[in-house]
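Novice: Attaching a single structure in structure tokens format; questions to follow.
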Amino acid sequence: MDGHESNLPLAGIRVIDAATVIAAPFCATLLGEFGADVLKVEHPLGGDALRRFGTPTFRDGDTLTWLSEARNKRSVTLNLQHPDGARIFKELIAKTDVLCENFRPGTLEKWGLGWDVLSQINPRLIMLRVTGYGQTGPYKDRPGFARIAHAVGGISYLAGMPKGTPVTPGSTTLADYMTGLYGCIGVLIALHYREKTGRGQYIDAALYESVFRCSDELVPAYGMYKKVRERHGPHHNDFACPHGHFQTKDGKWVAISCATDKLFARLAKAMGRPELASSSIYGDQKVRLQHANDVNEIVRDWCSSLTRAEVLERCYATATPAAPLNDIADIFGDRQFHARRNLVAIDVDNTGETIIVPNIVPKLSETPGRIKSLGPRLGEHTEEVLKDLLGMSDAEISELRARRVI
Amino acid sequence: MTKRTRSASAASQTIAETEQTGGSGETTSPLAPDSTSVGSGDQEASATPVAFSTVDTFAAEAPFAERSSENPDRMPLSGIRVIDVGNFLAGPYAASILGEFGAEVLKVEHPIGGDPMRRFGTPTTRHDATLAWLSEARNRKSVTIDLRQREGVELFLKLVAKSDVLIENFRPGTMEEWGLGWDVLREANPSLVMLRVSGYGQTGPYRRRSGFAHIAHAFGGLSYLSGFPGETPVLPGTAPLGDYIASLFGAIGILLALRHREKTGRGQMIDVGIYEAVFRLLDEIAPAYGLFGKIREREGAGSFIAVPHGHFRTKDDKWVAIACTTDKMFERLAEAMERPELASPELYGDQRKRLAARDTVNQITIEWVGSLTRDEVMRRCLEKEVPVGPLNSIADIFEDEHFRARGNLVCVEAEGVGEVVVPNVVPTLSETPGRITNLGPPLGNATYEVLRELLNISADEIKRLRSRKII
């Protein structure tokens with residue numbers, strides 16, 4: 001096992017995750033999966049708010065999201081608002097490669113822990129700063145959550161029925177996770193640069209920018225033609241038809257997407273109506289787009305005459321791109337998820353209980369990541385870290401504890 | 001002000017200008033906590049009526065201005081060569097990111113027509129480029145090679161031998177059919193890092209099924225959650241979301257693998273299924289089903305976690321998002337509504353009470369928001385620090401001062417098309433910010449250069465390859 005550990009790409013990298021909830025912490029989670037030692041620095045009272053986000057468990061009331069997403073981390077309690085807490089934090093920073101934080105701009109500075117101070121203590125430090133709006137610009141001080149970021153970044157406007165109430169784009173935490181991904185890319189690029197130059201830097205990530213960046217031609221199409229994209233509902237027929245969600249006889253849903261004429265020909269064959277793909281009918285994407293309602297109607301009628309299993313079986317037989325709209329129960333029963341080991345059962349330490357969490361993405365052939373443990377108890381590793389890393393004595397530690405610094 | 005000039009060939013000149021600016025010692029401290037961006041909204045507005053920063057201004061006016069002349073090439077990934085042989089976005093976007101931070105990206109395309117993304121989306125005056133192509137194929141050189149011909153495969157292997165990273169997204173088994181499986185590629189270059197993106201991944205019973213983002217959103221569980229309870233599930237905002245998400249995971253895999261290669265000299269293969277990239281982001285949905293059998297359903301504009309937490313229509317028929325995740329935030333909202341009593345413990349001060357009275361609390365919010373214009377709701381909420389945001393359309397985004405100040409929109413000259421506004425680089429790095437050197441290249445614009453200079457193939461031979469449609 002040890003040989004495997006030291007073989008991981010981030011073995012020897014120490015990360016301090018002083019952030020809360022999902023966005024910046026998810027970056028630390030990814031780094032931890034691939035070998036980094038992640039210290040979760042939390043406030044002694046209550047710790048990370050993620051411990052209370054979602055469904056509580058038998059383990060000190062920590063939620064499932066905490067257990068799953070704080071995987072591989074060691075919890076160290078430290079009150080950064082206390083001068084002694086700030087002092088200890090600086091001592092830890094001197095021995096750290098990456099710091100992840102998501103305080104509102106100016107907060108760390110107020111505690112004397114701004115980038116200028118920290119980078120002087122450790123010029124090799126890489127710091128990921130995540131906020132709703134970024135470290136600069138007129139809105140930088142506004143409170144920002146993923147839902148607000150979805151709205152500001154332009155993705156919420158696009159989700160929902162045309163002219164109807166815009167809905168959540170699938171998941172309320174999407175922007176948090178996506179920002180964690182962007183942040184992680186920033187940190188890895190900065191590590192690469194540090195290898196060459198010895199110099200650290202900081203990464204300024206904003207929740208709204210992460211969703212905004214993933215908007216295909218939204219920006220240039222407005223810039224050039226003043227085209228304002230509206231909500232599409234279940235069908236996006238600007239570029240391809242059919243491309244949407246269809247209900248089956250048993251009240252379930254399938255997604256079908258025919259991005260090209262060849263794919264539509266396969267669908268026509270699956271429907272037992274190959275003539276639909278002839279050039280005189282709907283063989284041409286441009287014609288289908290002009291008659292999107294009619295084409296969708298045909299596919300809708302066909303889908304509603306069959307069960308979901310039947311629709312999918314026929315689509316797969318002709319290699320038509322189609323899939324069930326899986327709910328989580330479908331996912332737990334799916335053999336592809338099982339074959340890929342996307343779900344993994346992990347013991348919750350000392351409770352005799354096991355929970356199932358999403359496994360690591362991406363899969364690396366030589367150095368796959370690993371989940372060593374689930375989210376730690378609050379302060380579970382405070383003592384070992386202060387002793388091992390900073391050489392503190394038992395007396396010092398109990399004195400700090402008495403004063404609620406840790 | 002040279003940095004205001006829009007140069008025709010934006011990129012290389014931009015970098016040169018940046019260095020000059022640095023030499024003159026014009027720096028802004030990135031350290032001061034309250035330092036606003038150099039390119040702040042006011043400045044932009046007074047300088048030009050055009051809402052976007054140009055490539056030039058982004059590079060020159062980025063808030064991180066500490067520049068050194070001792071290291072002229074500050075790009076962290078300079079010296080890394082990436083081959084992107086994928087189509088559309090799932091995987092290729094990872095190449096875009098690497099390119100933004102200094103990697104050389106060669107887009108290897110079929111000689112006839114090239115990447116189908118050249119025809120996907122809104123057309124431009126250039127027959128080989130839609131707007132989506134121009135924006136997302138940024139920072140690439142195009143090299144045409146027909147991988148379905150034996151000589152094309154040989155040529156490709158020579159290119160692989162001189163590259164660091166290969167990105168592909170064919171249906172699993174396709175590259176193997178062409179004689180370009182991982183075993184062959186790895187033999188050609190033992191230190192190669194290869195990213196393979198596909199709908200379902202390289203393994204498992206569904207690996208051969210065709211998968212696009214739309215399919216992956218459904219299969220990965222995201223589409224089921226989009227829309228109103230009991231009603232038609234809608235698209236989760238944008239069609240290619242999963243392509244981007246898979247690429248972000250892919251880029252992380254590549255950067256990890258490059259690090260491992262630095263230490264060991266050995267390359268490896270990264271395998272991403274679009275569906276699993278999407279599924280990975282669904283917070284506690286898996287453990288909650290595993291432990292309690294809880295199936296999450298569509299939640300419309302709301303969330304099971306908190307109330308009010310959703311989208312509300314304003315008097316002028318626009319929309320705002322309000323997210324009161326904690327009691328404190330609801331208290332602020334009640335103050336903004338000038339009804340502080342709503343946040344009392346007897347009424348709705350407690351999240352559990354609000355969740356129990358979800359419809360009533362939402363109705364109160366709907367009525368208040370509906371009685372005011374969007375600007376007015378925003379002003380009152382912001383005054384009390386309620387988490388609020390407009391549901392921006394793209395037109396709103398182009399008008400927004402924060403997008404402008406952050407340089408999120410950037411105007412870049414595209415060969416044969418003119419200026420195109422595209423989203424700028426994310427994330428922002430203080431020492432080594434990324435940059436856009438060029439937009440989606442014309443088909444085959446670097447074939448000759450790459451074959452001649454990198455592979456040392458003679459001009460005559462190149463001519464012969466071209467006449468036989470191998471390149």
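The values are calculated or read from the model by the stated rules, or taken from the named source; none is laboratory data. For clarity, every value in this text was computed on a predicted model and none was experimentally measured. Glycine also receives a Cβ, built like all others from the backbone with ideal geometry; neighbour counts cover every protein chain displayed. Only protein heavy atoms, including side chains, enter the accessible area calculation; ligands, DNA and RNA are left aside. Shrake-Rupley method; radii C 1.70, N 1.55, O 1.52, S 1.80 Å.
Novice: Does segment B:154-181 hold any residues that are in a helix (DSSP H, G or I) and either touching an Asp or Glu at 6+ places or on another chain (Cβ under 6 Å) or crowded, with 19+ Cβ neighbours inside 10 Å (or both), and which are they?
Specialist: Listed by number, the residues that qualify are B:Leu155, B:Phe156, B:Leu159, B:Val160, B:Met175.
Novice: Scan segment A:256-263 and give yes if some residue there is within 7 Å of another protein chain (Cβ to nearest Cβ) and at pLDDT 95 or above, otherwise no.
Specialist: no
Novice: Of B:Arg150, B:Arg208, which residue is in contact with a Gly (Cβ under 9 Å, 6 or more places away or on another chain) and at pLDDT 95 or above?
Specialist: From the options B:Arg150, B:Arg208, the qualifying one is B:Arg150.
Novice: I would also like to ask the following. Counting just the residues of segment B:296-344 that are among the β-branched types (Val, Ile, Thr) and either away from chain A (no Cβ under 12 Å) or surrounded by fewer than 17 Cβ atoms within 10 Å (Cβ to Cβ) (or both), which one comes out farthest from B:Gly220 (Cα to Cα)?
Specialist: Among those that are among the β-branched types (Val, Ile, Thr) and either away from chain A (no Cβ under 12 Å) or surrounded by fewer than 17 Cβ atoms within 10 Å (Cβ to Cβ) (or both), it is B:Thr314.
Novice: When you go through (1) touching a residue at least 40 places away in the same chain (Cβ under 8 Å); (2) under 27 Å from B:Ile295 (Cα atoms); (3) touching a strand residue (DSSP E or B) at 6+ places or on another chain (Cβ under 6 Å) one by one for B:Ala218, which number turns out not to apply?
Specialist: (1)
Novice: Quick check on my filter: what residues within segment A:217-233 are free of Cβ contacts under 8 Å to residues at least 60 places away in the same chain and either open to solvent by 10 Å² or more (accessible area, probe 1.4 Å) or part of a helix (DSSP H, G or I) (or both)?
Specialist: Result: A:Val219, A:Pro220, A:Ala221, A:Tyr222, A:Gly223, A:Met224, A:Tyr225, A:Lys226, A:Lys227, A:Val228.
Novice: Of the residues B:Asp243, B:Asp283, B:Asp271, only one is open to solvent by less than 10 Å² (accessible area, probe 1.4 Å) and acidic (Asp, Glu); which?
Specialist: B:Asp283
Novice: Looking only at segment B:191-205, how many residues end up being facing another protein chain (nearest Cβ under 7 Å) and surrounded by fewer than 23 Cβ atoms within 10 Å (Cβ to Cβ)?
Specialist: So the count comes out to 3.
Novice: Here is a further query. If you check B:Trp133 against the conditions, is it surrounded by fewer than 19 Cβ atoms within 10 Å (Cβ to Cβ) and either aromatic (Phe, Trp, Tyr) or at pLDDT below 95 (or both)?
Specialist: So B:Trp133 does not fit the description; no.
Novice: For segment B:387-403, what are the residues that are at the interface with chain A (Cβ under 9 Å from one of its Cβ atoms) and open to solvent by 50 Å² or more (accessible area, probe 1.4 Å)?
Specialist: B:Glu401
Novice: Something else: Among the listed residues A:Leu263, A:Leu289, which satisfies the condition of being assigned to a helix (DSSP H, G or I) and closer than 20 Å to B:Ser223 by Cβ?
Specialist: Every option except A:Leu263 fails the conditions.
Novice: Shifting gears a bit: Just wondering, is there one or more residues in segment B:345-359 that are open to solvent by 80 Å² or more (accessible area, probe 1.4 Å), assigned to a loop (DSSP other than H, G, I, E, B) and not hydroxyl-bearing (Ser, Thr, Tyr)?
Specialist: Within segment B:345-359 (the criterion being open to solvent by 80 Å² or more (accessible area, probe 1.4 Å), assigned to a loop (DSSP other than H, G, I, E, B) and not hydroxyl-bearing (Ser, Thr, Tyr)), the answer is yes, since at least one residue qualifies.
Conditions tested, residue by residue: (1) touching a residue at least 40 places away in the same chain (Cβ under 8 Å); (2) among the β-branched types (Val, Ile, Thr).
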position: A:Asn7; (1), (2): yes, no
position: A:Thr29; (1), (2): yes, yes
position: A:Pro44; (1), (2): yes, no
position: A:Val98; (1), (2): yes, yes
position: A:Pro105; (1), (2): no, no
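Novice: Step by step: first the residues of segment B:210-240, then only those that are more than 18 Å from A:Ile155 (Cα to Cα) and open to solvent by 10 Å² or more (accessible area, probe 1.4 Å), then the one that is nearest to the chain's Cα centre (by Cα). Which residue is that?
Specialist: B:Phe212
Novice: Does B:Glu413 qualify as being at the interface with chain A (Cβ under 7 Å from one of its Cβ atoms), more than 21 Å from B:Asp316 (Cβ to Cβ) and either in contact with an Asp or Glu (Cβ under 7 Å, 6 or more places away or on another chain) or in a loop (DSSP other than H, G, I, E, B) (or both)?
Specialist: no
Novice: Now for a different question. Return the residue satisfying two criteria in turn: it lies in segment B:418-461 and is surrounded by fewer than 18 Cβ atoms within 10 Å (Cβ to Cβ) and of a type in the set (A, V, I, L, M, F, W, C), and of such residues it is farthest from B:Leu131 (Cα to Cα).
Specialist: Among those that are surrounded by fewer than 18 Cβ atoms within 10 Å (Cβ to Cβ) and of a type in the set (A, V, I, L, M, F, W, C), it is B:Ala459.
Novice: Given segment A:319-406, what helices (runs of 4 or more DSSP H) lie entirely inside it while holding 1 or more residues that are closer than 30 Å to B:Leu258 by Cβ and of a type in the set (Gly, Ala, Ser)?
Specialist: A:335-339
Novice: Right, something else. Can you tell me how many residues within segment A:382-406 are open to solvent by 80 Å² or more (accessible area, probe 1.4 Å) and more than 14 Å from A:Val76 (Cβ to Cβ)?
Specialist: 6
Novice: Here is a follow-up. Please count how many residues of segment B:264-279 are more than 7 Å from chain A (Cβ to nearest Cβ) and closer than 20 Å to B:Val82 by Cα.
Specialist: Residues flagged as more than 7 Å from chain A (Cβ to nearest Cβ) and closer than 20 Å to B:Val82 by Cα within segment B:264-279 amount to 3.
Novice: For B:Lys384, state whether it is surrounded by fewer than 23 Cβ atoms within 10 Å (Cβ to Cβ), within 12 Å of chain A (Cβ to nearest Cβ) and touching a Leu at 6+ places or on another chain (Cβ under 9 Å).
Specialist: Criteria met by B:Lys384.
Novice: Which of the residues that make up segment B:252-277 are within 24 Å of A:Gln336 (Cα to Cα), small (Gly, Ala, Ser) and in contact with a strand residue (DSSP E or B) (Cβ under 8 Å, 6 or more places away or on another chain)?
Specialist: Correct list: B:Gly253, B:Gly273.
Novice: I'd like to know if segment B:76-99 contains one or more residues that are assigned to a helix (DSSP H, G or I) and acidic (Asp, Glu).
Specialist: no
Novice: Out of segment B:218-238, which residues are under 13 Å from A:Pro234 (Cα atoms), facing chain A (nearest Cβ under 7 Å) and not hydrophobic (A, V, I, L, M, F, W, C)?
Specialist: Result: B:Ser223, B:Tyr224, B:Ser226, B:Gly227, B:Thr232, B:Pro233, B:Pro236, B:Gly237, B:Thr238.
Novice: Return the pairs, sorted by first residue and then second, in which the second residue is acidic (Asp, Glu), the first residue lies in segment A:384-399 and is free of Cβ contacts under 8 Å to residues at least 60 places away in the same chain, the beta carbons are less than 7 Å apart, and the residues are 6+ apart or on different chains.
Specialist: Hits for this filter: A:Ile397/A:Glu383.
Novice: Okay, moving on. Does segment B:266-281 contain at least one residue that is acidic (Asp, Glu) and in a loop (DSSP other than H, G, I, E, B)?
Specialist: The answer is no, given that none of the residues of segment B:266-281 is acidic (Asp, Glu) and in a loop (DSSP other than H, G, I, E, B).
Novice: Give me the pairs: first residue in segment B:89-118 and within 14 Å of chain A (Cβ to nearest Cβ), second residue among the aromatic types (Phe, Trp, Tyr) and surrounded by fewer than 24 Cβ atoms within 10 Å (Cβ to Cβ), beta-carbon distance under 8 Å, and six or more apart or on different chains, which are they?
Specialist: B:Asp115/B:Phe88; B:Pro116/B:Phe88; B:Met117/B:Phe88
Novice: Does B:Leu248 satisfy the criteria of being farther than 21 Å from A:Cys214 by Cα, part of a helix (DSSP H, G or I), within 7 Å of chain A (Cβ to nearest Cβ) and open to solvent by less than 10 Å² (accessible area, probe 1.4 Å)?
Specialist: no
Novice: Now for a different question. Could you grab the pairs with beta carbons closer than 8 Å, sequence gap of 6+ or different chains, first residue in segment B:380-391 and without any contact (Cβ under 8 Å) to a residue 24 or more places away in the chain, second one assigned to a loop (DSSP other than H, G, I, E, B) and open to solvent by 50 Å² or more (accessible area, probe 1.4 Å)?
Specialist: These pairs meet every condition: B:Leu382/A:Arg142.
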